[in-house]
Amino acid sequence: MTATTAESSPAATGGGHPQRWLILGVICLAQLTVLLDNTVLNVAIPSLTRELDASTSDIQWMINAYSLVQSGLLLTAGSAADRYGRKKMLAAGLVLFGAGSLVAGMAGSTGQLIAARAGMGVGGALLMTTTLAVVVQIFDDTERVRAIGLWATVNSLGFAAGPLIGGAMLDHFWWGAIFLVNIPVAVIGLIAVIALVPESKNPLGDRPDLLGALLSTIGMTGVVYAIISGPQHGWTSAHVGVSALVGAVVLAAFVVWELRIPYPMLDMHFFRNQQFTGAVAGAILVAFGMGGSLFLLTQHLQFVLGYGPLEAGLRTAPLALTVVVLNLTGVGARLLPKLGTPVTIASGMTCLAAGLAAIALLGGDGYGGMLFGLVVMGAGIAFAMPAMANAIMGAIPPEKAGVGAGVNGTLAEFGNGLGVAVLGAVLNSRFAALVSVSAASLPAALAAAGSGAERRRIADAFASGLETSQLVGAVAVLVGGLLAAALLRRAERADSRVKASA
């Protein structure tokens, strides 16, 4: 290891950076701002529709422009951070995100706001990858799991706090305030990053993989766009099919290219590592279960139990709050060394599956059963998610930490979209099989109903569809969790044999 490498990676010396917890606080503040942005915007949709005369299509692009750009650039952003310096890219991400927020807050048309949101997506991609990469650099092995757990907690906190913060701000200010509030946070974060965060990068100085960056960006954008537009255009439509096909073909070309060149952006040989493969499988399925279940829960609360949108949002908060409490108290971080990574992940995924099953079987008659399921799901996510992020980052060399963070973020985006697509399709199929009407949604079917008895039958059919889809999600998460744990156990045994033979 060169002197440059040791200086750029304080965690490598065994003690961690002396100001690591303060730096983690700065990183989490920057990340929270990014995560709040999408959930806050959802609350502002009525204001944007009224004041900017925005159409439904405009609103969808305001929301999706950010997610689409961010998802497409995650791997490229991680690779750039490794090559050019994680501190530099973190600072650049804050500048871009702050500048985009200023333009968004002052936008006078839907086109300006959509463009600003796309620019914020570039900053968001840099922030999401560099924050986790810096955490890996500044914490040693003894504290890294807890630090990653706190980093992961911010995701849940952003989900829980977004609608509440957005609603409170819109009660007192105009819609632009939800963007302008990001600016002081970005400025404070930029100053703190410059003053506190140590620079770290890949000391080997690999040549930039420009074609790989282009292919990964186009491929991921195509796949994510297909997932995003599926509910609007229909999963079997040509619009979605062409986008998904283009994305898949370009991603296949990306894999072929990365296997052929000596300086790949994403080393495909990582997938030969059973620890990496097991953690990847688990990460996708945790996101699958969480993304798909939240998609179903909002419908369950509003259409079956009869809550309004804000009431429904508040009633999903216990899931996120359970994750926050368990990670802030370090429960998962203390369990991991005692149980080991495979058992911790298997336990977490089992809890997540049990929570989904509890909501399906106990949540139909009232909120009590659903609350129990949400808390159990939260416990599962709190145990499994940091352990899997740590396993992914631990399987990748420290000099490739940015790419590792990009992989982790990409998996989360892919798993969320997959959960919505698959569980939504199960719901729709079951509902259509039980209801002999041509309406594609519950509200449309209820509007077409000719009597109270028929409306009750339609509502019961929708509840049955929700139950079936949640149980399918529970089985998928449980089987996937056990598979991930088995792969990780095999990886540990293989490492033990190598060390014993040495």
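Could we say that Ala405 is assigned to a helix (DSSP H, G or I) and either farther than 28 Å from His300 by Cα or open to solvent by less than 10 Å² (accessible area, probe 1.4 Å) (or both) here?
Spelling it out, Ala405 is indeed assigned to a helix (DSSP H, G or I) and either farther than 28 Å from His300 by Cα or open to solvent by less than 10 Å² (accessible area, probe 1.4 Å) (or both).
Which residues, taken from the stretch 464-481, are of a type in the set (Ser, Thr, Tyr) and over 15 Å from Phe295 (Cβ atoms)?
Once the filter is applied, which keeps residues that are of a type in the set (Ser, Thr, Tyr) and over 15 Å from Phe295 (Cβ atoms), the stretch 464-481 yields only Ser464.
Given the criteria in a helix (DSSP H, G or I) and either in contact (Cβ under 8 Å) with a residue 40 or more places away in the chain or open to solvent by 20 Å² or more (accessible area, probe 1.4 Å) (or both), does Trp174 qualify?
no
With the condition kept exactly as written, say whether any residue in the stretch 434-446 is touching a Lys or Arg at 6+ places or on another chain (Cβ under 8 Å), open to solvent by less than 60 Å² (accessible area, probe 1.4 Å) and either closer than 27 Å to Ala283 by Cβ or at pLDDT below 80 (or both).
Taking every residue of the stretch 434-446 in turn, at least one turns out to be touching a Lys or Arg at 6+ places or on another chain (Cβ under 8 Å), open to solvent by less than 60 Å² (accessible area, probe 1.4 Å) and either closer than 27 Å to Ala283 by Cβ or at pLDDT below 80 (or both).
Go through Ile27, Ile59, Ile63 for me and flag whichever is under 19 Å from the mean Cα position of the chain (by Cα), at pLDDT below 80 and part of a helix (DSSP H, G or I).
Residue meeting the stated conditions: Ile63.
May I ask you to say which residue of Ala133, Ala152, Ala107, Ala147 is touching a residue at least 60 places away in the same chain (Cβ under 8 Å) and more than 19 Å from Leu32 (Cβ to Cβ)?
Ala107
Which condition breaks for Leu478 when tested against (1) modelled with pLDDT of 80 or more; (2) within 25 Å of Ile359 (Cβ to Cβ); (3) in contact with a helix residue (DSSP H, G or I) (Cβ under 6 Å, 6 or more places away or on another chain); (4) open to solvent by less than 40 Å² (accessible area, probe 1.4 Å)?
Leu478 satisfies every listed condition except (4).
If you go through the stretch 257-277 one residue at a time, how many are touching a residue at least 12 places away in the same chain (Cβ under 8 Å), farther than 25 Å from Arg489 by Cα and surrounded by fewer than 15 Cβ atoms within 10 Å (Cβ to Cβ)?
2
Working only within the stretch 313-340, note down all residues that are assigned to a helix (DSSP H, G or I) and over 21 Å from the mean Cα position of the chain (by Cα).
Within the stretch 313-340, Val331, Arg334, Leu335, Leu336, Pro337, Lys338, Leu339 qualify.
Among the residues of the stretch 484-502, count how many are surrounded by fewer than 17 Cβ atoms within 10 Å (Cβ to Cβ) and in contact with a helix residue (DSSP H, G or I) (Cβ under 6 Å, 6 or more places away or on another chain).
Of the residues in that region, 1 qualify.
To keep it simple, each residue is scored yes or no on (1) open to solvent by less than 50 Å² (accessible area, probe 1.4 Å); (2) of a type in the set (S, T, N, Q).
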position	(1), (2)
Leu90	yes, no
Gly100	yes, no
Ser109	yes, yes
Ala115	no, no
Gly124	yes, no
Ala152	yes, no
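Please enumerate the residues belonging to the stretch 220-250 that are farther than 21 Å from Ala65 by Cβ and in a helix (DSSP H, G or I).
Matches in the stretch 220-250: Ala238, Gly241, Leu245, Ala248, Val249.
The values are calculated or read from the model by the stated rules, or taken from the named source; none is laboratory data. On a predicted model such as this, the values are computed, not experimentally measured, just so you know. No Cβ is skipped: glycine too gets one built from the backbone with ideal geometry, and neighbour counts run over all protein chains shown. When the accessible area is computed, the model is the full protein with side chains, heavy atoms only, and any ligands, DNA or RNA have been set aside. Shrake-Rupley method; radii C 1.70, N 1.55, O 1.52, S 1.80 Å.
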